[in-house]
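Written out below as structure tokens is the structure these notes cover.
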Ligand SMILES: Cc1cc2nc3c(=O)[nH]c(=O)nc-3n(C[C@H](O)[C@H](O)[C@H](O)COP(=O)(O)OP(=O)(O)OC[C@H]3O[C@@H](n4cnc5c(N)ncnc54)[C@H](O)[C@@H]3O)c2cc1C
């Protein structure tokens, strides 16, 4: 059977895999070959109805990689964030916390980008990059470690010898399992329902997070009078809602909008995801690393899953590039250990924080409701604390990799 050869192999050509390929190609230059394999022929994000909140740090990286100019026209700046916490049937919905979402530099701390636009931009950019080869459909079923090459096994019997294999193959990562890396995690018994809507009144760049007992209902502003809703709902209730016809479904959406933006109409298909948390116990093995959802899955309450993947990419690219510059191979153990130390604690902390927030807000216990209302009201009165949250969510605190600062690694 045919044995191919590539300096770096990335399994999974979706958001994380393609961004990493581009970051490595731009940083390492054309002499290092990169192969991206995906089990699907069509780009995975082509029909993704979601929109992602992309923080300032990751946006800087997308700019350096030439991806941002391809999505800029569809990206909506988030100028203000509002948090509300009241039962669905409440007539009045007081805003508990509002914050200005701009950084001290004047740039927005986040933008909302439709996922399909990001997916197509990544496809186009990767197709133009000479160092990147695409292999699809190709199913990475496992690997055998060897020295100096690791051998990646494909479902059709072919294999690829490589110096570094990166698993960007999503939450059910086959390669993570093949590496014997265990995960900790649990299901939230919630479903993420996503659709896009058009509304009568303008959103003025405001993102709204309305905490309801079934889970947070987020209204993310898109270009024009459109928004993407990311609606976490109790799994059983979500199953029922998803069977509704468009009229009944829209009525549920309108109930949650509570007349904020005048009349609302559905402007896209609906899709749903089971919500769960998982964290890989290790991010690396010899000549092998995990990134993105293959390494961690978090609750979408703060819109940070993809941002964590972008932080992985920036840290892994810098670790590998620094190793290659001093004559080591891309999969050198010192580079991978540096990557793991950089990222594992940060993603673990983020996953735990989002988990706690979801537990705190997705319930209707009177005592808990009063305590969180008091907590939010307190935060609302402390501008320094609000600025700290904005800067943290922007991915610009701690040891920031060069790509997130807008420099090539
Ligand atoms: C409802 C919802 C809303 C969200 N909102 C936000 C948000 O606002 N902001 C944010 O930052 N994040 C958000 N996220 C999280 C974000 O969408 C994910 O973190 C992100 O999609 C992960 O991308 P990925 O490339 O790691 O994995 P995936 O997109 O799952 O890609 C995995 C790829 O691997 C391929 N693959 C799988 N197995 C194999 C194999 N054996 N061989 C070859 N290829 C394989 C698949 O075909 C696929 O292309 C949200 C998530 C959900 C569920």
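Values quoted throughout were computed directly from the atomic coordinates according to the rules given, and no laboratory measurement underlies them. Predicted model only: the values in this text are computed from it and were never measured. FYI the Cβ positions are ideal-geometry reconstructions off the backbone, even for glycines, and counts take in every protein chain you see.
With Kirkwood's inverse mean 1/r over C-alpha pairs for Rh, give me the Rg to Rh ratio of the range 253-409, two decimals please.
Here the Rg-to-Rh quotient is 1.07.
Translational diffusion coefficient of the range 123-164 at 25 °C, 0.890 mPa s, Stokes-Einstein with Kirkwood Rh over Cα pairs, in µm²/s as a whole number.
211
Taking 2.2 N^0.38 Å as the expected size of a compact globular protein, what ratio does the Cα radius of gyration of the range 203-293 give against it, to two decimals? Mind showing how you got there, number by number?
Numbers: Rg = 17.2 Å, N = 91, 2.2 N^0.38 = 12.2 Å.
Rg over 2.2 N^0.38 Å, computed on Cα atoms: 1.41.
To make sure I understand, if each residue's beta carbon is the centre and we count other beta carbons within 10 Å, what order do 261, 15, 283 fall in, fewest to most?
Listing 261, 15, 283 from fewest to most nearby Cβ atoms yields 261, 15, 283.
Arrange the following residues from fewest to most other Cβ atoms within 10 Å of their Cβ: 149, 345, 361, 211.
Fewest-to-most Cβ neighbours within 10 Å comes out as 345, 149, 361, 211.
Rounded, prolate or oblate: which fits the range 114-239, taking a ≥ b ≥ c as square roots of the Cα gyration tensor eigenvalues, rounded meaning a/c under 1.5, else prolate when a/b beats b/c?
Numbers: a/c = 3.50, a/b = 1.74, b/c = 2.00.
Verdict is oblate for the range 114-239.
Would the range 213-252 count as rounded, prolate or oblate if I go by the C-alpha gyration tensor, calling it rounded below 1.5 in a/c and otherwise prolate when a/b exceeds b/c, oblate otherwise?
oblate
Over all directions, average the projected area of the Cα convex hull of the chain and note it in nm². Before the final figure, lay out the partial values.
Values: hull surface 77.6 nm².
In nm², the orientation-averaged hull projection of the chain is 19.4.
Evaluate the distance, in nm, between pseudo-label points positioned 7 Å from the Cα of residue 198 and of residue 258 along their respective Cα→Cβ axes.
2.7
Based solely on its DSSP helices, what 222 nm [θ] is calculated for the chain when runs of n ≥ 4 H residues each add -39,500 (n - 2.57) and the sum is averaged over all residues, nearest 500 deg cm²/dmol?
-11000 deg cm²/dmol
Which value, in Å³ per residue, describes the convex hull spanned by the Cα atoms of the range 174-234?
133
If you average the alpha carbon positions of the range 98-151 and of the range 228-248, how far apart do those two centres end up, in angstrom?
30
Given N residues in the range 93-140, what is its alpha carbon radius of gyration divided by 2.2 N^0.38 Å?
That works out to 1.98 for the range 93-140.
Give me the percent relative contact order of the chain, please, defined on Cα pairs under 8 angstrom at least 6 residues apart.
22
Take every Cα pair under 8 Å in the range 259-409 that's 6+ residues apart, average their separations, divide by the length, and report that relative contact order as a whole percent.
23
What distance in nm separates the simple spin-label points at residue 128 and residue 95, each placed 7 Å from Cα in the Cβ direction?
According to this spin-label approximation, the distance is 3.9 nm.
In whole angstrom, note down how far apart the Cα centers of the range 155-175 and the range 22-68 are.
18
Pull out the extension gain between residue 276 and residue 104, defined as 0.36 nm times the separation in residues minus the alpha carbon to alpha carbon distance; nm, one decimal.
Contour length minus Cα-Cα distance gives 58.5 nm.
Would you list 344, 151, 5 from fewest to most Cβ contacts within 10 Å?
The most exposed by this proxy come first: 5, 151, 344.
Going by the alpha-carbon gyration tensor, a ≥ b ≥ c the square roots of its eigenvalues, is the range 1-43 rounded (a/c under 1.5) or, if a/c is not under 1.5, prolate (a/b greater than b/c) versus oblate?
Here the range 1-43 falls in the oblate category.
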